[in-house]
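A.B. asks: Structure in structure tokens, see below.
The values are calculated or read from the model by the stated rules, or taken from the named source; none is laboratory data. On a predicted model such as this, the values are computed, not experimentally measured, just so you know. With ideal geometry, Cβ positions are generated from the backbone for all residues, glycine too; neighbour counts draw on all protein chains shown. Side chains are part of the model used for accessible areas, which takes the heavy atoms of the whole protein and leaves out ligands, DNA and RNA. Shrake-Rupley method; radii C 1.70, N 1.55, O 1.52, S 1.80 Å.
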Amino acid sequence: MLGISRDTVRRDFIRLVDEGAAIRTHGGIALPQFKDKIKAYKERINASSEDKYKIGKIAASYISKGDLCFLDVSTTVKFLCDHLNTSSTVYTHSLDNAEALSNNNEVDVYLLGGKFNHENRFFFDVHVASQLNDIYFDKVFLGAAGILKDGIYFSNYEDAVIKGIVAERSKEVILLADSQKFNQISSYKGVDLIDIDMIITNENPPDEFRKSFEENNIKIRLIHEGKTVKDYFEGV
């Protein structure tokens, strides 16, 4: 398109990166806002762990006896597993969720199979994922890499596919996310806001999300105050 050689492009890329105008990515370069890459699972589980612990604890209280649930691969959802003591059935593609529930006699656990993603510790197979279309869940608990005004974003395409399927096949979808996820950019949108029923978080979401949350009837539960969306919006 530009009438220049590959070597010239490579030199230009190097200069842009050296000047801080771009960052290297797999196969090219990207704008600097993508610099804060999604941390690997084992790094993320130690970040903001106190708030994630509290979010997970509150989320576990929303599971009722006999519920059929899907638990997402997420460091915060893993804390939900640590607090779950209600007789229920759980589907998950997360190795760590399954491990956390492995000694819990109150919970029947179904671990989805497929190729293992070592970085984010989940399994995926397109045929296994399609089988989720035959299940209707009582509750789905999701994590997030980023929350924007048009939906919930994730760092891995296959993971986003799983979340999109289960979010459309549940009576209630509950998002567990600390405040750092708002306006955080990630690569793949998996869930539209209209599919979210509640967000459990540690701080009030930014004001610019108010209209989107109101339009989509999303409730907000703050871990320190237990507010609903009505309380939150009246206090803005």
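A.B. asks: Among the numbered criteria (1) out of contact with any strand residue (DSSP E or B) (no Cβ under 7 Å at 6 or more places or on another chain); (2) modelled with pLDDT under 85; (3) more than 27 Å from I200 (Cα to Cα); (4) not in a loop (DSSP other than H, G, I, E, B), which one does A21 miss?
C.D. replies: (4)
A.B. asks: Which one is modelled with the lowest pLDDT, of the residues in the range 24-57 that are assigned to a loop (DSSP other than H, G, I, E, B) and open to solvent by less than 60 Å² (accessible area, probe 1.4 Å)?
C.D. replies: Here the residue is I38.
A.B. asks: Looking at F141, F123, F116 in this structure, which one is within 17 Å of E168 (Cβ to Cβ), of a type outside the set (D, E, K, R) and out of contact with any Pro (no Cβ under 9 Å at 6 or more places or on another chain)?
C.D. replies: F141
A.B. asks: Here is a follow-up. Considering only the range 58-76, how many residues are farther than 15 Å from A167 by Cα and outside any loop (DSSP other than H, G, I, E, B)?
C.D. replies: Number satisfying all stated conditions: 5.
A.B. asks: Here's a follow-up. Among the residues of the range 190-205, is any open to solvent by 50 Å² or more (accessible area, probe 1.4 Å), more than 16 Å from the chain's Cα centre (by Cα), farther than 17 Å from L71 by Cβ and at pLDDT below 95?
C.D. replies: Yes, that holds for at least one residue.
A.B. asks: Being open to solvent by less than 20 Å² (accessible area, probe 1.4 Å) and in a helix (DSSP H, G or I) is the requirement here; does A100 meet it?
C.D. replies: When the stated conditions are applied, A100 does not pass them.
A.B. asks: Given the conditions (1) of a type in the set (S, T, N, Q); (2) more than 14 Å from D72 (Cβ to Cβ); (3) modelled with pLDDT of 95 or more, and given that S170 satisfies all but one, which numbered condition is not satisfied?
C.D. replies: It fails just one condition, (2).
A.B. asks: Identify the residue in the range 76-92 that is of a type in the set (A, V, I, L, M, F, W, C) and under 14 Å from the mean Cα position of the chain (by Cα) and, among all such residues, is farthest from D134 (Cα to Cα).
C.D. replies: For the range 76-92, the residue satisfying everything is F79.
A.B. asks: S186 is checked against (1) crowded, with 22+ Cβ neighbours inside 10 Å; (2) over 27 Å from S61 (Cβ atoms); (3) free of Cβ contacts under 8 Å to residues at least 40 places away in the same chain and fails just one. What number does that condition carry?
C.D. replies: For S186, the exception is condition (3).
A.B. asks: If the requirement is being open to solvent by 30 Å² or more (accessible area, probe 1.4 Å), within 30 Å of F213 (Cβ to Cβ) and of a type in the set (D, E, K, R), which of these qualifies: D134, D150?
C.D. replies: Exactly one residue qualifies, and that residue is D150.
A.B. asks: Continuing with the same structure: Going residue by residue through the range 133-148, is there one that turns out to be at pLDDT 95 or above and acidic (D, E)?
C.D. replies: yes
A.B. asks: Continuing with this model, one more query. Residues of the range 155-176 being within 14 Å of L193 (Cα to Cα) and either in contact with a Ser or Thr (Cβ under 6 Å, 6 or more places away or on another chain) or without any contact (Cβ under 8 Å) to a residue 24 or more places away in the chain (or both), which ones?
C.D. replies: L176, the sole residue that qualifies.
A.B. asks: Now for a different question. Among the residues of the range 123-130, is there at least one that is open to solvent by 10 Å² or more (accessible area, probe 1.4 Å), farther than 25 Å from I199 by Cα and among the β-branched types (V, I, T)?
C.D. replies: The answer is yes; a qualifying residue exists.
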